[in-house]
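Asker: Below is a structure I'd like to ask you about.
The values are calculated or read from the model by the stated rules, or taken from the named source; none is laboratory data. It should be emphasised that the depicted structure is a prediction, and the values quoted were computed from it without experimental measurement. Heads up, the Cβs are rebuilt from the backbone with ideal geometry, glycines too, and the neighbour counts pull from every protein chain shown. Ligands, DNA and RNA are excluded from the accessible area calculation, which covers all protein heavy atoms including side chains. Shrake-Rupley method; radii C 1.70, N 1.55, O 1.52, S 1.80 Å.
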Amino acid sequence: MSWIKEGELNFLERIAANILKAGPMPKHVAFIMDGNRRFARKKNMDRQEGHTQGFNKLAETLRWCKHLDIQEVTVYAFSIENFKRTKDEVDGLMELARQKFLRLLDEMDNLKKHEVCIRVLGDLNMLPLDLQQIIAKAVVATKHHNKCFLNVCFAYTSRYEITNAVREMAWGVENGLIKASDISELLLSECLYSNNSPNPDLLIRTSGEVRLSDFLLWQTSHSCVVFQAVLWPEYTFWNLCEAIIQYQLNHKSIQKARDLYQEQQEFQQLEADRICVAELHQGNGKPSDSKRQQEALQQYTACRIERVQDFLQELKHKRDLFFTDLSSQVVST
């Protein structure tokens, strides 16, 4: 099945969509697509067929999201923990990924038509080289599309992502791009795999499990989280509507918490800058009056912002180069 499934909503679905869109709508929805193996057992089918049905449901869900004006979707496709499954199942999942990303490369005209940007979040070095190359080609080919965004978390866990972000900041300090005092929660957020995306408004997990399984732990601290009992291959438009209603019912409290958190972050950064300015002037005496103190603070803040932006540009260049180099290689067979 195609990644981008064409087709309109039916009459009842259109009515429901219009009613929902009269309220606050999530712009970014994340899915833990759980239940493929249980679905296969339920239907007495091969486990691999269950995973294939799960992919087909993703394509259908992306179509629903498009009609609901949900601009960005993030999916948990393959956890690093999944490497612990049997070799046959892991090999089958790798082969399914090869087939689907190759299919995506064949659908470039359709992706361009809908301006869909594909991003893959995770450590691609854990994957077979030929799969890395195929994924990189898809990422590079769609990186300038900016109407819809699909983030595929592959060879990913949130703890690994956060650890990698810490490594990136340490790399910046070691190379003199930033100072240790520049490190903050905001900077760590900018070093995550998901730094190009806003945090999800809504996170949905199917299959009845009520845990996040190491998925977007940092990014969903102020998201609406909905657990649904339905198995992923059996997910319906109406299940998605139910989750969106839960988001709408909690929208005000979520937005209030987000605004408060942003205010706290701004205050903490200001206090950190004041401490750094005070330490810089130890031994030389503090600026003599409040005006000079303010000028010193503004100058330090401006230098820090410039320093951090230069570091983030270097980090972006490093990551872009990784994908560009991979995509330019002949796919191994």
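Asker: Which condition does Trp64 not pass, out of (1) part of a strand (DSSP E or B); (2) closer than 26 Å to Lys252 by Cα; (3) in contact with a helix residue (DSSP H, G or I) (Cβ under 9 Å, 6 or more places away or on another chain); (4) not small (Gly, Ala, Ser), if it passes all the others?
Answerer: Exception for Trp64: condition (1).
Asker: Identify, please: which residue in the range 156-211 is assigned to a loop (DSSP other than H, G, I, E, B), β-branched (Val, Ile, Thr) and open to solvent by 40 Å² or more (accessible area, probe 1.4 Å) and is, among those, farthest from Ile305 (Cα to Cα)?
Answerer: Here the residue is Val210.
Asker: Here's something else I'd like to know. List the pairs whose first member sits in the range 247-264 and is assigned to a helix (DSSP H, G or I), whose second member is hydroxyl-bearing (Ser, Thr, Tyr) and open to solvent by less than 90 Å² (accessible area, probe 1.4 Å), and whose Cβ atoms are under 8 Å apart, counting only residues at least 6 apart or on separate chains?
Answerer: Ile254/Ser223; Ile254/Tyr247; Tyr261/Ser221
Asker: Within the range 9-39, can you find the residues that are of a type in the set (A, V, I, L, M) and either loosely packed, with under 12 Cβ neighbours inside 10 Å or in a loop (DSSP other than H, G, I, E, B) (or both)?
Answerer: Leu9, Leu12, Ile15, Ile19, Ala22, Met25, Met33
Asker: In addition: Just to be sure I understand, how many residues within the range 7-52 are farther than 22 Å from Ser197 by Cβ and in contact with a Ser or Thr (Cβ under 7 Å, 6 or more places away or on another chain)?
Answerer: Adding up the residues that qualify gives 2.
Asker: Under 9 Å between Cβ atoms, which residue pairs at least 6 apart in sequence (or on different chains) link something in the range 203-219 that is modelled with pLDDT under 95 with a partner that is surrounded by fewer than 24 Cβ atoms within 10 Å (Cβ to Cβ)?
Answerer: The qualifying pairs do not exist here.
Asker: Those residues that are crowded, with 18+ Cβ neighbours inside 10 Å and either among the acidic types (Asp, Glu) or in a helix (DSSP H, G or I) (or both), I need them from the range 215-238; list them, please.
Answerer: Trp232, Pro233, Phe237
Asker: Looking at this structure, is Lys100 open to solvent by 20 Å² or more (accessible area, probe 1.4 Å), more than 15 Å from Phe31 (Cβ to Cβ), charged (D, E, K, R) and free of Cβ contacts under 8 Å to residues at least 24 places away in the same chain?
Answerer: no
Asker: Further, regarding this structure: Starting from the range 298-318, take each residue that is open to solvent by less than 100 Å² (accessible area, probe 1.4 Å) and list its partners that are at pLDDT 95 or above and β-branched (Val, Ile, Thr), counting only C-beta distances under 7 angstrom and pairs at least six apart or across chains.
Answerer: What qualifies is Arg307/Ile178; Val308/Ile178; Phe311/Ile178.
Asker: Among the candidates Lys87, Lys42, single out the residue that is open to solvent by 80 Å² or more (accessible area, probe 1.4 Å) and in contact with a Leu (Cβ under 9 Å, 6 or more places away or on another chain).
Answerer: Checking each option against the conditions leaves just Lys42.
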